[in-house]
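A.B. asks: To start, I am sharing the structure in question, which I have written as structure tokens.
The values are calculated or read from the model by the stated rules, or taken from the named source; none is laboratory data. Remember, predicted model here, so these are calculated numbers, not experimental data. All Cβ positions, even for glycine, are placed from backbone atoms using ideal geometry, and neighbour counts span all protein chains on display. Note: accessible area is taken over every heavy atom of the protein model, side chains too, but ligands, DNA and RNA are not part of it. Shrake-Rupley method; radii C 1.70, N 1.55, O 1.52, S 1.80 Å.
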Amino acid sequence: MLTLAIETSCDETSVAVIKDGREVLSNIISSQIDIHRKFGGVVPEIASRKHIESINNIVQEAIDEAKVSFQDIDLIGVTKGPGLVGALLIGISTAKALAYGLDIPIIGVNHIEGHVCANYIEHKDLEPPFTCLIVSGGHTYLVQVNGYTDYELVGRTRDDAAGEAFDKVARALGLPYPGGPIIDKLAESGNKESVEFPRVMLEPKSYDFSFSGLKTAVLNYLNQKQQKGEEIVVEDVAASFQQSVLDVLVDKSFRLAKERNSKKIVMAGGVAANQGLRTMMEERGKMENIEILYPSRILCTDNAAMIGAAAYFNYKNGNKSDIHLNVIPNLDLKG
């Protein structure tokens, strides 16, 4: 079964062709990072316009690279949310036109569910149930995945997501956007114990996250150093900040896995590409006898391949959309 999938939730225009939900025949990603970097973040109106300019060419490129024709496609998958409303509309409109013109089914996909499904592409034998940590620029979730379309949301961020905190701290340090990969790289040569930043665990049994206070603590530290005229060692601040985030993510992930007797923790989302997080999770996994899985870095980013996988599993489970499908910018994981 061939699925043509479209992802335009933010600043990547991506189209993929997926076979049977797990095999990537093509996965074209056109990134706008260089355009938005000068603004220090994504400008929604610019993102939408760039999607319009590139979407048709990206669709054709995905079809050509997969060495298939439009008539070979059985299903259209498209991100319906969460994301930027204008950007999402470009993908939805294109998907509707294709589904209508080809007279085939269309599935609206939750972008966050797509991140989880990236692991089904990377790990061909992976099956639910498992514990999943979803960490990206806009979302931080702890989820117990009970089935291919059955998600039990156990914990979530109450304010800044992990990736958002990385970007804001990077900006305060004078680092370019996106900040996550740069902080991760700087942390490798920094002293993670040089600055004692808070680990916000919230209530004793809570699986929720809060990184706003940590971000503020970093800003206060930088301001105090500047006012005193003291040297700021960027590598040490990056390493100390990152370690504070990772301690919370790792601790709560393993606590949930042990509570649910899960032998697998799966990571998903852009921050799952963070080498510090991967290393820490794997080291703890060996100690706890819990397997740690995550996608390759290209599948951690926003991409259409993961949307195609999610569309396939939803279609197989009987979930269907129609030509009246609309965007849901604030879509939750269970929406």
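A.B. asks: On average, how much area does the Cα convex hull of the range 128-294 cover when viewed from any direction, in nm²?
C.D. replies: If I average the Cα hull's projected area over directions, I get 9.4 nm².
A.B. asks: Whenever you get a sec, compute what percent of the accessible area on the chain sits on carbon and sulfur atoms (1.4 Å probe).
C.D. replies: 48
A.B. asks: Could you do me a favour and compute the accessible area per residue for the chain, 1.4 Å probe, result in Å²?
C.D. replies: Per residue, the chain has an accessible area of 43 Å².
A.B. asks: Which chymotrypsin sites (Phe, Trp or Tyr not before Pro) in the range 10-112 sit in a loop by DSSP (not H, G, I, E or B) and have at most 12 other Cβ atoms within 10 Å of their own Cβ?
C.D. replies: When the chymotrypsin sites (Phe, Trp or Tyr not before Pro) of the range 10-112 are filtered for loop state and at most 12 Cβ neighbours within 10 Å, F39 remain.
A.B. asks: Percent antiparallel among DSSP beta bridges with both residues in the chain, to the nearest 5?
C.D. replies: Roughly 60 percent of the beta bridges in the chain run antiparallel, per DSSP.
A.B. asks: Same structure again: Using the crude model of +1 on Lys and Arg Cβ and -1 on Asp and Glu Cβ, and no other charge, please compute the dipole size for the range 128-294 relative to its Cα centre, in debye to 20.
C.D. replies: In total the dipole reaches around 260 debye.
A.B. asks: If you don't mind, another one. Quick one: in the chain, what % of C-alpha pairs are over 37 Å apart?
C.D. replies: Pairs farther apart than 37 Å: 18 percent.
A.B. asks: Can you give the accessible area of Y177 in Å² (nearest 10), computed on protein heavy atoms with a 1.4 Å probe?
C.D. replies: 40
A.B. asks: Show me the GluC sites (Glu not before Pro) within the range 210-297 that DSSP assigns to loop and that have at most 13 other Cβ atoms within 10 Å of their Cβ.
C.D. replies: In loop regions of the range 210-297 (DSSP not H, G, I, E or B), the sparsely surrounded GluC sites (Glu not before Pro) are E230, E231.
A.B. asks: Give the peptides 239-245, 308-314, 170-176 in descending order of average Cβ contacts within 10 Å, highest first.
C.D. replies: 308-314, 239-245, 170-176
A.B. asks: In whole Å, how far is the Cα centre of the range 195-274 from that of the range 286-310?
C.D. replies: Centre-to-centre distance over Cα atoms comes out at 21 Å.
A.B. asks: Between the range 14-43 and the range 52-75, what is the separation of their alpha carbon centroids in Å?
C.D. replies: 14
A.B. asks: Let me spell out the model: positive unit charges on the Cβ of Lys and Arg, negative unit charges on the Cβ of Asp and Glu, origin at the Cα centre of the chain. What dipole size does that give, in debye rounded to 20?
C.D. replies: My answer is approximately 460 debye.
A.B. asks: With label points built 7 Å along Cα→Cβ from the Cα atoms of R284 and D332, find their separation and express it in nm.
C.D. replies: 2.6
A.B. asks: Between S210, S253, S321, which gets the highest mean-square fluctuation from a Gaussian network model of the chain, Cα cutoff 10 Å?
C.D. replies: S321
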